[in-house]
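K.L.:
Here's a structure for you.
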Amino acid sequence: MKIRNLYLIICFLAIIKGQAAFSSDIIPEIISIEEAVQIALENNLSLRRSALDVQIRQRNTDRSWNSLIPNISVGATASGTTSIIDPISPAYRGGFTLSAGLNLSISIFDDIKRAQLDYEQGLISYESARQELELQVRKLFYQLLLLEANQILAAQNFASVQARYEQSAALVRVGQAPQLDELSARVDMENQRPSARNAEIIYENALDSFRTILGFSPETIIILDGSLIGIRRENLFETRAESGSLEVASLAQSIRSMEAQRNSIRNSAYTPNLRLSWSSSPLYGFQSGKWSDNSSFSITFSLNLDNFFPWSSARTQMENLDDNIRSAQIQLADSLRSQENRISNNLRTIQRISESLEVLGLNIELAQYTYDVHEEAYRMGAADFQQLRNAGDSLNNARYSFLQEQYNLISALLDLEKDLNIPFGTLFVGE
């Protein structure tokens with residue numbers, strides 16, 4: 001199939017854009033799909049914030065064991081005795097205080113586990129944001145290729161109706177056609193003008209969005225290094241999910257975090273706490289020239305009996321968490337079901353598009369044959385130039401329909417890859 005001519009026009013348009021950029025001292029950015037993804041991941045501010053959140057959670061996890069470190073304090077003291085009755089003979093003493101204490105309970109280990117789970121939840125959230133950004137960039141990249149082709153096709157269609165109008169006007173001037181033909185051709189041309197302008201505006205708006213995602217300034221000229229032609233699905237039914245979608249993974253991680261929180265509350269409320277403490281206060285008597293020390297050590301077991309009442313705060317928190325866990329489990333089951341439905345729908349959509357592409361390929365072959373016949377007739381003088389142009393427009397429309405369905409195929413494959421949680425580009429290849 002000869003479907004590369006449209007892209008030759010696109011490349012020509014890109015060269016014109018590049019020449020305009022050089023003439024205005026602006027170097028255009030020639031970007032491939034993988035380069036666009038990398039630039040977006042590096043420049044996206046929201047993703048940077050998510051990375052900082054992961055860094056904070058990792059720090060909390062790395063230091064969560066510090067609850068097992070005794071708290072130690074030290075101080076200095078000076079004291080003396082005075083009297084307003086007896087003769088003044090103050091006894092001054094100076095020294096320091098040193099104390100250490102350690103609280104031990106089973107809930108400490110639950111809190112350490114919760115910190116680890118919180119860090120893992122942050123990693124999932126970051127990866128989910130990264131995946132969503134990459135999906136957005138890839139879809140918009142291919143959409144821009146389609147919109148650029150649509151813009152060129154709309155310009156060609158307008159040029160065709162404009163040529164028909166000029167031909168009709170010329171025939172009217174020499175008296176070979178009625179005035180009605182000129183008026184009808186002009187109406188067709190004016191009706192086509194907004195479509196051409198609208199296609200240009202839609203493309204420029206999408207290009208602005210693409211610049212924003214990549215972190216480029218509005219003045220940056222972008223030339224896309226890619227093609228919709230040659231994209232085909234591969235290894236579709238042999239591929240399976242690696243670990244389910246990140247949405248499912250996030251819900252499962254949330255359930256584990258709530259379970260760890262419930263265990264922490266339960267162990268804190270229903271198991272005794274152990275308190276180890278030691279203190280020392282060495283004092284030096286300036287008059288006696290001797291040191292004295294009052295040191296002490298204690299071991300304390302404590303248990304709050306209020307937590308055993310049904311209306312206690314701890315029991316209320318655990319019951320609320322139990323309900324939240326059950327609710328999250330229902331949501332997880334619903335998410336799994338929705339994921340299975342999306343995968344099935346995408347598979348059916350991909351199969352339908354694949355069949356449609358075969359038909360559209362035949363349409364291109366027919367339009368190409370028709371164009372070749374008109375081209376030969378034009379060279380032989382059996383057809384006018386406008387007939388050849390109309391056949392060319394039909395060929396370009398058939399090619400664009402093929403490209404549009406190619407984009408639909410890529411979009412469905414990208415959605416499927418997201419639900420399967422596999423690297424983007426795994427299920428399709430290009431030339």
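Read-outs: derived from the displayed coordinates by stated rules, not from any lab. In this text, all values refer to a predicted model and were calculated from it rather than measured experimentally. All Cβ positions, glycine included, derive from the backbone under ideal geometry; neighbour counts span all protein chains shown.
K.L.:
With unit charges on the beta carbons (Lys and Arg positive, Asp and Glu negative) and the dipole taken about the Cα centre of the chain, which residue among 394, 100, 196 sits farthest to the positive side?
P.N.:
Going by the charge dipole, the pick is 100.
K.L.:
Quick query: amide H of residue 428 versus all other amide H atoms, modeled in the peptide plane; which residues come in under 5 Å with a sequence gap of 5 or more or a different chain?
P.N.:
The list, which skips near neighbours in sequence, is 234.
K.L.:
Residues with amide H under 5 Å of residue 223's amide H, sequence separation 5 or more or different chain, H placed in the peptide plane at 1.01 Å from N; which?
P.N.:
Here 29, 30, 31 satisfy the definition.
K.L.:
Could you give the spread of the C-alpha atoms of the range 103-249 along their three principal axes, from largest to smallest, in whole angstroms?
P.N.:
106, 39, 25
K.L.:
Pull up the cross-link candidates among the aspartates and glutamates for residue 418, meaning alpha carbon to alpha carbon under 19 Å and not fewer than 8 places away within one chain.
P.N.:
Straight-line reach from residue 418, under 19 Å: 34, 127, 132, 134, 234, 238, 242, 247, 334, 340.
K.L.:
³J(HN,Hα) across the range 337-345 via Karplus (A = 6.51, B = -1.76, C = 1.60, θ = phi - 60°), whole Hz, x for Gly/Pro?
P.N.:
Ordered by residue, 3J(HN,Hα) equals 5, 5, 5, 4, 5, 5, 5, 4, 5 Hz.
K.L.:
May I ask you to derive the relative contact order of the range 318-407, considering only C-alpha pairs under 8 Å and at least 6 residues apart, and to give it as an integer percent? Let's see the in-between values first.
P.N.:
Values: 32 pairs, mean separation 27.3, N = 90.
Contact order relative to length: 30 percent.
K.L.:
Using each residue's phi in the range 302-319, evaluate 6.51 cos²θ - 1.76 cosθ + 1.60 at θ = phi - 60° and report the 3J(HN,Hα) Karplus result to the nearest Hz, with x for Gly and Pro.
P.N.:
9, 8, 7, 6, 4, 5, 7, 7, x, 8, 5, 5, 5, 5, 4, 5, 5, 5
K.L.:
Here's a follow-up. Semi-axes of the equivalent ellipsoid for the range 312-431, please: Cα gyration tensor eigenvalues, times 5, square-rooted, ordered largest first, whole Å. Spell out each step's value before the answer.
P.N.:
On the way: eigenvalues 658, 29, 21 Å².
Taking √(5λ) for each eigenvalue gives 57, 12, 10 Å, largest first.
K.L.:
Mind ordering 302-309, 178-185 by average Cβ neighbours within 10 Å, highest first?
P.N.:
On the way: 302-309: 11.1, 178-185: 14.8.
Result, highest mean Cβ count within 10 Å first: 178-185, 302-309.
K.L.:
Quick one: helix 33-43 against the long Cα principal axis of the chain, what's the angle to the nearest 10°, folded into 0 to 90?
P.N.:
Once rounded, the angle reads 40 degrees.
K.L.:
Can you tell me the relative contact order of the chain? Whole percent, Cα pairs under 8 Å, sequence separation 6 or more. Show your work: numbers first, answer last.
P.N.:
Details: 536 pairs, mean separation 103.2, N = 431.
After rounding, I find 24 percent.
K.L.:
Could you give the nm distance between label points at residue 193 and residue 139, where each point is 7 Å from its Cα heading toward the beta carbon?
P.N.:
3.6 nm
K.L.:
For a protection proxy built on the mean count of beta-carbon atoms within 10 angstrom, sort 30-39, 389-398 highest first, please. Please report the intermediate quantities before stating the final value.
P.N.:
On the way: 30-39: 17.1, 389-398: 19.6.
With the highest mean Cβ count within 10 Å placed first, the list reads 389-398, 30-39.
K.L.:
Determine ³J(HN,Hα), in whole Hz, for all residues of the range 198-209 in sequence, where each value follows from phi through the Karplus function 6.51 cos²θ - 1.76 cosθ + 1.60 and θ = phi - 60°; x replaces Gly and Pro.
P.N.:
3J(HN,Hα) across the range 198-209, in whole Hz: 5, 4, 5, 5, 4, 5, 5, 5, 5, 5, 4, 4.
K.L.:
How many nm is it between the label spots at residue 294 and residue 102, if each spot is 7 Å from the Cα in line with the beta carbon?
P.N.:
In this crude label model, residue 294 to residue 102 measures out at 2.6 nm.
K.L.:
If one takes the longest principal axis of the Cα atoms in the chain, at what angle in degrees, from 0 to 90 and to the nearest 10, does the Cα axis of helix 385-420 lie?
P.N.:
20 degrees
K.L.:
So, R0 is 25 Å and r is the distance between the beta-carbons of residue 337 and residue 212; what FRET efficiency does that work out to, to 0.05? Display every interim value, and only then the final one.
P.N.:
On the way: r = 35 Å, r/R0 = 1.41.
Efficiency, rounded to the nearest 0.05: 0.10.
K.L.:
Follow-up question, since we're still on this one. Mind putting a number on the dipole of the chain about its Cα centre? Charges go on the C-beta only, +1 for Lys and Arg and -1 for Asp and Glu, and I need it in Debye to the nearest 20. Please list the in-between numbers first.
P.N.:
Working: 38 positive and 51 negative charges, 291 e Å.
Roughly 1400 debye, rounded to the nearest 20.
K.L.:
Let me ask something else about it. At 0.36 nm per residue, minus the direct Cα-Cα distance, what do residue 267 and residue 67 gain on full extension? Give it in nm, one decimal, please.
P.N.:
On the way: separation 200, 0.36 × 200 = 72.00 nm, distance 1.56 nm.
Extending this stretch completely gives an extra 70.4 nm.
K.L.:
For Kirkwood radius over Cα pairs in Å, pick the label among [x] 29.3; [y] 22.3; [z] 23.0 that corresponds to the value derived from the coordinates.
P.N.:
[x]
K.L.:
Please give the calculated 222 nm ellipticity per residue for the chain, where each DSSP H segment of at least 4 residues contributes -39500 (n - 2.57) and the sum is spread over every residue; nearest 500 deg cm²/dmol?
P.N.:
-24000 deg cm²/dmol
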